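First the structure, in the form of structure tokens, and then the observations on it.
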Amino acid sequence: MKDQWLPWWREFWFSERVLSGLVVYAVVVAALEAMASGLPVVAANALALPELVRHGENGYLFEPGNISELADCLERVLSNNELRDVFGKRSLEIFQTHNIQRSINRFEQLYQQIAEAKPANSQNN
């Protein structure tokens with residue numbers, strides 16, 4: 001029985017849906033932790049990050065894969081103490097209005113959907 005279950009489990013955990021869900025969770029949590037610490041955030045303009053990072057207000061968003069844009073955003077934040085302070089204060093303000101319980105509920109819904117979904121090519125074992 002264990003040997004029959006293991007391939008499905010391995011396929012499940014390494015599926016794009018699960019891995020991308022875990023990546024989204026980790027990236028969003030990292031941004032929220034930075035904001036809660038009063039830090040500016042430089043993040044990719046992807047996933048749920050644009051909902052947290054307000055470009056030019058509490059940090060910068062760059063287009064995914066655009067390394068020169070990322071470098072420019074980092075340089076602007078790291079080279080300007082006043083800007084860092086302003087962005088950091090605004091990050092904390094935004095974080096304080098963020099509804100963490102709503103986020104937790106949404107992640108629980110997503111993980112429940114993932115847990116209930118069996119890969120299409122798996123056998124009923």
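The values are calculated or read from the model by the stated rules, or taken from the named source; none is laboratory data. Here the structure is a predicted model, which means the values were calculated and not measured. Here the Cβ is made from the backbone with ideal geometry for all residues, glycine too, and neighbour counts use every protein chain on show.
Considering the conditions (1) assigned to a helix (DSSP H, G or I); (2) within 16 Å of the chain's Cα centre (by Cα); (3) of a type outside the set (Phe, Trp, Tyr); (4) surrounded by 14 or more Cβ atoms within 10 Å (Cβ to Cβ), VAL86 is excluded by exactly one of them, (2). GLU11 meets the conditions (1) of a type in the set (Asp, Glu); (2) modelled with pLDDT under 90; (3) in contact with a helix residue (DSSP H, G or I) (Cβ under 6 Å, 6 or more places away or on another chain) in every case but one. The failed one is (3). With respect to the stated conditions, LEU39 is modelled with pLDDT of 90 or more and assigned to a loop (DSSP other than H, G, I, E, B). Beta carbons closer than 7 Å, at least 6 apart along the sequence or on distinct chains, pair a first residue in region 24-46 that is over 13 Å from GLU93 (Cα atoms) with a second that is modelled with pLDDT under 85 and assigned to a helix (DSSP H, G or I) for TYR25/PHE107. Every condition in (1) under 15 Å from the mean Cα position of the chain (by Cα); (2) closer than 21 Å to SER103 by Cα is met by PRO64 except one, and the failing one is (2). Scanning region 47-68 for residues that are without any contact (Cβ under 8 Å) to a residue 40 or more places away in the chain and buried (at least 17 other Cβ atoms within 10 Å of the Cβ) turns up LEU47, LEU49, VAL53, ASN58, GLY59, TYR60, LEU61, PHE62.
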